[in-house]
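Right, one structure below, let's go through it.
The values are calculated or read from the model by the stated rules, or taken from the named source; none is laboratory data. None of the values given here were measured: they were computed from a predicted structure. Every residue, glycine as well, gets a Cβ built from its backbone with ideal geometry; the counts of neighbours run over all protein chains shown. Just the protein is used for accessible areas: all its heavy atoms, side chains included, with ligands, DNA and RNA removed. Shrake-Rupley method; radii C 1.70, N 1.55, O 1.52, S 1.80 Å.
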Amino acid sequence: MLDTAETEFRTGFVRDPASLKHFPALVLNADYRPLSYYPLSLWPWQEAVKAVVLDRVQIVAEYEATVRSQRAEFRIPSVVVLKDYVKPQKRVAFTRFNLFLRDEFRCQYCGSVHDLTFDHVIPRSRGGTTCWENVVAACSPCNLRKGNRSLKQSGLRLSRAPRPPSPEDMRNAGRKFPPNHLHESWMDYLYWDAELEA
């Protein structure tokens, strides 16, 4: 059984863009798929080099840049793969971020991508609960228009019925929102909606 520190090492990819400005490493599971698509599983180069030295990962691709220690010189890894497979989570946490990702950062009433908040389809004052099946991303104007009323009373319609997403649903949604920076060495391991060559 893995201890907490070991689990965090394998799944604790960085969400802070400031720490990824120079030479981030794409982290792949042992099956050569990213641990996460959104946010993309990235480590700062220092973490990647440390994992290599500790024999926890294998280098798949490297940057041209190098770093030196007292005894050795290393090319900085751009893609690393974990030596041990990390089992994906079966349940997706119900968070604001995951809700917006499930709904593709669009209002589920009008399709707007601006001024997003969330809305209880059945208002809480009418017995509605805060759960995957009753909460959707909504823009502020639609949220205000609906207010404390039912869908029928407000005249709004959902673009699709809300439901709990699977981890596969979240991976597929994440592929539609690639980060601003994608290094060329990562492209063979990321399956964004790119057209394949004939």
I want to check the label-to-label distance for Val53 and Tyr32. Put each point 7 Å from Cα in the C-beta direction and report it in nm to one decimal.
2.9 nm
Return, ordered by residue number, the residues of region 137-178 whose backbone nitrogen is under 19 Å from a label point located 7 Å along Cα→Cβ of His114.
137-146
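Test of understanding: what is the full-extension gain from Arg160 to Glu73, defined as 0.36 nm times their sequence separation minus their Cα-Cα distance? List each step's numbers first, then the result.
Details: separation 87, 0.36 × 87 = 31.32 nm, distance 5.41 nm.
Between Arg160 and Glu73, full extension yields an extra 25.9 nm.
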Mind putting a number on the dipole of region 59-122 about its Cα centre? Charges go on the C-beta only, +1 for Lys and Arg and -1 for Asp and Glu, and I need it in Debye to the nearest 20.
400 debye
Placing one identical point scatterer on every Cα of region 43-131 and ignoring solvent, what is log10 I(q)/I(0) from the Debye formula at q = 0.10, 0.14 Å⁻¹?
-0.55, -0.72
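What is the percent carbon and sulfur in the accessible area of region 80-198, measuring with a 1.4 Å probe over the protein chains and ignoring ligands? Don't jump to the answer; show the numbers that get you there.
Working: 3930 of 7600 Å².
That fraction is 52 percent.
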Thr117 long-range amide H proximity, modeled H, under 5 Å:
Ala138, Cys139, Ser140
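Which three numbers, in whole Å and largest first, are the semi-axes of the equivalent ellipsoid of region 80-198 derived from its Cα gyration tensor as √(5λ)?
Details: eigenvalues 227, 60, 24 Å².
With the √(5λ) rule applied to region 80-198, the semi-axes are 34, 17, 11 Å.
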From a point 7 Å beyond the Cα of Ile122 in the direction of its Cβ, which residues of region 148-168 have a backbone N at a distance under 19 Å?
148-165
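How much of the accessible area of region 18-76, in percent, comes from carbon and sulfur atoms when a 1.4 Å probe is used?
48 percent
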